[in-house]
Amino acid sequence: MEILRVEKLTKIYGKGESEVRALDGVSFCAEQGEFIAIIGPSGSGKSTLLHIIGGVDRPTSGAVYMNDRDVYAQNEDQLAIFRRRQVGLIYQFYNLIPVLDVMENITLPVLMDGRKINAERFDELIKTLGLKGREKHLPNQLSGGQQQRVSIGRALMNAPAVVLADEPTGNLDSKNSQEIVELLKLSNRRYNQTIIIITHDENIALQAKRIIAIEDGRITRDEVMRK
Amino acid sequence: MNIFHKVTLKSLAINRTRTVVTIIGIILSVSMITAVTVFISSLQDYMLDNAIYVNGDWHGAFNGVNAGTAAEILNDSRVESAALAVGIGYAEIGSRNEYKPYLFIMGADDLFFERMPVHIIGGRLPLSDDEIILPVHLASNGGVVYKTGDVLSLETGDRYAGDIRLTQQNPYISNDNSDSHIENSGSADGDGNAGSDVNEGHVENNIAGVRPEELKIMETRTYTVTGFYERPGFEDYSAPGYTALTKADFGSGISGYADGYPEGNSDAGQTRLFDIYLKMKFPKNIFAYVDESGMTGSTNTDVLMYSGVSRYSNFYYVFYSFAGILIGLIMFGSISLIYNAFAISVSERTRQFGLLASIGATKRQARGMVLFEALAVSGIGIPVGIISGILGIGVTLRFVGDKFYAFYGSEKLVLDLDISAAALAAAVFFAFVTVMISAWVPSGRAVRISAIDAIRLSKDIRVKSGKMKSSLITRKLFGLEGILAGKYFKRSKKKYRATVVSLFMSTVLFISASSLCSYLTDAVTGAFQDSDYDIAYYYSGVSGGYVSYDYLNSLYRKLITVADFSSSVYAVEKTIGVKMPVAQFTDEYLEYYNITPDAAYMAGTDNVANTADIDDIAGAAEHEIFIRVFGIGDDLYEQYLLLNGFDTDIYLDIADARGLGQALLSRFDASLQRFVKIPLLKEKTAEISFAAVDRERRELLPESESQYIVQSNENSDYIKIIPLKFDVMEVDTRLAEGLNTSEKYGIKIMYPMSYFLSKMNTKTCTFYFRADNPQKAFEQLEEYLMANGLYKDEYSLINTYEMNKTDRNMVTVIKVFSYGFIILISLIALANVFNTISTNVMLRRREFAMLRSVGMTERGFRRMMNYECILYGVKSLIWGIPAAFLVTWLIFRSISRAFETGFYLPWSSVVIAVGSVFAVVFSTMMYSMRIISRDNVIDSLRIDTE
């Protein structure tokens, strides 16, 4: 089942001489349960692509369909709700809210929705993440790997259609990095979750089912590694 | 509590210092706003007290109604209660005022004495129906003098014009001009009682121009005078009788009074008329009640207005617009502070907002976070602010509340704290609006932060090239650190502007408020009747004749034993207009008043070639000046002469005394900031003469001839030319005590009294007293004068000490309020500056850590900070001081219209302002730097999110 379709995405920064084409007609589709790695050199447009898919940045032209719904045809409030429910974003620098504890950070998307927390799901999640017993800790009381696990928890809490991770291991040592990738793989397997991950790490890229390479804002390679 | 509120509260808790300063800012502004609104409500209450003091505490009134109607009104269910007075009758008492020939005796009930403006001056209220109190204007206006304890036997009756019975509301219809007088009748009462009586229209229609009124005597009554009271507000100015009050007991119902005339009288059965002053259960109903009654009633306009029942007056306009301006100023000052606090808070959390947006927070939720922050800080700030505002104004009024009569109202009343619900509601409303306005704009900014910008954090550094050049001077003085500071300054101009603007505002407010205060104080002090006596008694011959030295001397001997006076003088006085050659006056005087020799005279001279000519012309021209000539009790004058080393042989020669004169002009010297005395006459000795009419002889002539003499000024039989010689004293020599009242300019000459009286006649004499306890001495003297029939009216005895105190009180009140305002506004500005500067420093933690990591020393940091401080200070002062001077000049312009003053700048305030600007900036900077210097370099470098 196709869950994501990206059509002729173009993103242009600046004007005239200083014009930069971050994305230049990018198109691809993703099926539910795919695990895609996006690779490419710095400044190739990976992050821009991810942000546009995640609904935080707007394309200059082109469209993103998620579950057959045109993401950027929505108004600002609908877009916010879309981000809240359909997408899970993971950043290199965790981006946790420093004044909230682990539990609050993880359940933030649910809390923002004003819904009740599904205790079962939270329990399962926190056990999977290996954060049991640390629910009341503040982010600055955790290690980098733990913080990144919290942010993965936040991304998964709402069981979104797509999880987008922007170099989630860029700030971690190899042991922690592998743990994070295992977690993502687990979620991909267990929940049939679609995962798109940007990485510089060849090791991690090779663990993906599909690799998309980007250079100068264009897809230069798109191959399925395994089914 | 939802998650957004939680994030907000936790962020507030983490930035404790800023939160506290923000709350302090809110407390300050709310307390100022509360002070204004509560002051207005207290003032309104004070106005009400004053209105009640003057007009009485009632809603509506009917005058001259009969017993039946009175009973009906009393029993009406809408009426809460009513004060009742019955007209007992008029009696002739030999008044010298031809339009007020009667004493009008009125019987009043307890409620009347309680609610109506009956203010006892001496003695006590009547306790029975054979006791009476008299109004003081019976003596001062009517010339009929009684004293406490006197027993009056009065033949009382009613006034009639034909068959029509007249009341106090019908002016006297005299023999010769009944026409004109009737037309004046009615409602011209001037004290807010816009009413008249039931009979009035009737009377006018029937009797205008018919015949004079007559008094039908009905009975004889005997009263004992128990006291005197102030001229009552319920007596119309055109009323024909002075209102004397006795006690009436309506305990057995008013019907007992209805036909209370003695039996056997031809008019027995004629009813008495009542005045009824009522209070409604619902004051609003009074207008309808009066309308529906079908009678001509009146309403107590002022009282109803100040109690908020009706509001058709300037009061609301003037005071509410005054309050509006003040609140506007305060809100302006506080919004800039509170706004800054929120703006800082938002920009500090840019990333947080972006992050929340990226995981799906809507715009409404983002805005809600900022507004919740506003609610949270106002939740503490507003209640505390209101309490401290009430405390502040309460304490202030405790100290200056009894001084407000200097501006308005009776000195017997105190402006005390009156907290009305409306005042509190207004304060809460304005406070809330202030905070919300301050939070709204930053909340808009929080909404605009897009997720992607926040994630990239790309907004902070966006510099246009070409704007970052540093001056050579900066490089020389402050080195690399100075350049860095300068660049930072230029890079985030917006952040700095807030600080500079708030410093600018506080500078302008502080300096201009202190100049306003200083100019006002000058003006009020300049207008002081600066006198060297505490009490003055103006004797005017009760019999109306000329005074004699012997009588005055013996009166003086008696008066000085009445109270404990520390010193005293008595003097007769005459003011005469004299024409003196212009050449005799000093140039300063002529220049000051722009006096030039007669223009016509100048025009006739073709060519004024040299100064000698001008002097000639000037010599011939004359200038009229008023001279006050005093005759001082001989022995007291002798004491004065001896004390000041003057020759008694010359100045105390009763047959041909030389006078001692003072000729001064006082002028405001802007450089000294005070008035200086300048001689008015060139020579040390002068001689004048003036024509005095011998009034005593003239009064014996028939009126037409007397008129002729006055007009022609010719008949020397009735006119004496009196020559006066006098020596001019030194500028600093004072006159005899009591005579040294400050005047703009003028000539005063002193003579021994017996010499004065041998030349001129006068009917008055002034006794000047000083006492260690002026108030007590005043009261003792007042009592003595009243008891001995020497007290003519309220102008007979003047408590100058009290009046001067009034002026001083005015200055105190002005000072307390303006300095209070300055201090509070400055505190708000201070909190603002503290917040902006310290946050700016905190936000640059990472930058500082980076500088430190590349080897910047503590000294280097200090240099950088010093440069920044100087930039702040200089920028704000460069704009602030000229703006403040401009405002000062405007203040001078408006004040100088009314008072003489010179333009000067409030340098001491300028010094204070400059000093405090730098003190605040430097100390805040040092405070923030000290916190930062505790940071670990590597930790700070790692800071990315917060």
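Odds and ends about this structure:
- Along its first, second and third principal axes, ordered by size, the stretch A:49-146 spans 46, 28, 23 Å in Cα coordinates.
- Chain lengthening between B:Phe899 and B:Arg398 when straightened (0.36 nm per residue, less Cα-Cα): 177.3 nm
- Sites B:Asp656 and B:Lys720 - FRET efficiency at Förster radius 22 Å, r taken between beta-carbons, to 0.05: 0.90
- The stretch B:821-885-the stretch B:22-59 distance, computed between alpha-carbon centres (Å): 39 Å
- Ordering of B:811-822, A:94-105 by packing is A:94-105, B:811-822, highest average first (other Cβ atoms within 10 Å, averaged per residue).
- Out-of-range pairs (alpha-carbon distance over 31 Å; input B:Lys579/B:Lys759; B:Lys100/B:Lys748; B:Lys100/B:Lys763): B:Lys100/B:Lys748
- The stretch B:136-158 and the stretch B:753-800 have their alpha-carbon centroids 23 Å apart.
- In this simple spin-label approximation, B:Ala288 and B:Ser420 carry label points 7 Å from Cα along the Cα→Cβ vector, and these lie 2.3 nm apart.
- The length gained on full extension between A:Glu19 and A:Val224, counted as 0.36 nm times the residue separation minus their Cα-Cα distance, comes to 70.5 nm.
- Peptides B:660-672, A:40-52 ordered by average Cβ neighbours within 10 Å, highest first: A:40-52, B:660-672
- For B:Tyr570, the residues whose modelled amide H falls within less than 5 Å of its own, excluding neighbours fewer than 5 places apart on the same chain, are B:Gly633, B:Tyr768.
- Per residue of B:10-22, other chain Cβ atoms within 10 Å of the residue Cβ number 1 on average.
- Largest-first principal axis extents of the Cα set of chain A (Å): 52, 39, 37
- For chain A, the antiparallel share of DSSP beta bridges with both residues in that region comes to about 55%.
- Against the rule of thumb 2.2 N^0.38 Å, how large the Cα Rg of the stretch B:1-88 comes out: 2.33
- Protection proxy ranking of A:144-155, B:45-56, B:776-787 - average other beta-carbon atoms within 10 Å, highest first: A:144-155, B:45-56, B:776-787
- Stokes-Einstein translational diffusion, the stretch B:727-861 - Kirkwood Rh over all Cα pairs, 1.306 mPa s, 10 °C, in µm²/s: 70 µm²/s
- The stretch between B:Thr764 and B:Asp587, if pulled fully straight at 0.36 nm per residue, gains 60.1 nm over its current Cα-Cα span.
- Treating each Cα of the stretch B:834-937 as an identical point scatterer and summing with the Debye formula, the log10 of I(q)/I(0) at q = 0.19, 0.24 Å⁻¹ comes to -0.93, -1.24.
- Shielding of A:87-98 by partner chains, average beta-carbon count, 10 Å: 4
- GluC sites (Glu not before Pro) within the stretch B:39-101: DSSP coil, no more than 14 neighbouring Cβ in 10 Å: B:Glu98
- Dipole magnitude of the stretch B:751-893 about its Cα centre (Cβ charges: Lys, Arg +1; Asp, Glu -1), debye to nearest 20: 1080 debye
- Calculated FRET efficiency for the pair B:Asp649/B:Glu155, C-beta based, R₀ 45 Å, to 0.05: 0.10
- Computed from backbone phi with θ = phi - 60° and the Karplus coefficients 6.51, -1.76 and 1.60, the 3J(HN,Hα) list for the stretch B:216-222 is 9, 6, 10, 7, 10, 10, 10 Hz; x is used for glycine and proline.
- The distance linking the stretch A:97-172 with the stretch A:182-210 is 18 Å (Cα centroid to Cα centroid, whole angstrom).
- 10 Å Cβ neighbours from other chains, averaged over peptide A:22-29: 0
Each value in this text was obtained by applying a stated rule to the coordinates, not by laboratory testing. Please read all numbers here as calculations on a predicted model, not as lab measurements. We place every Cβ from the backbone using ideal geometry, glycine too, and count neighbours over all the protein chains shown.
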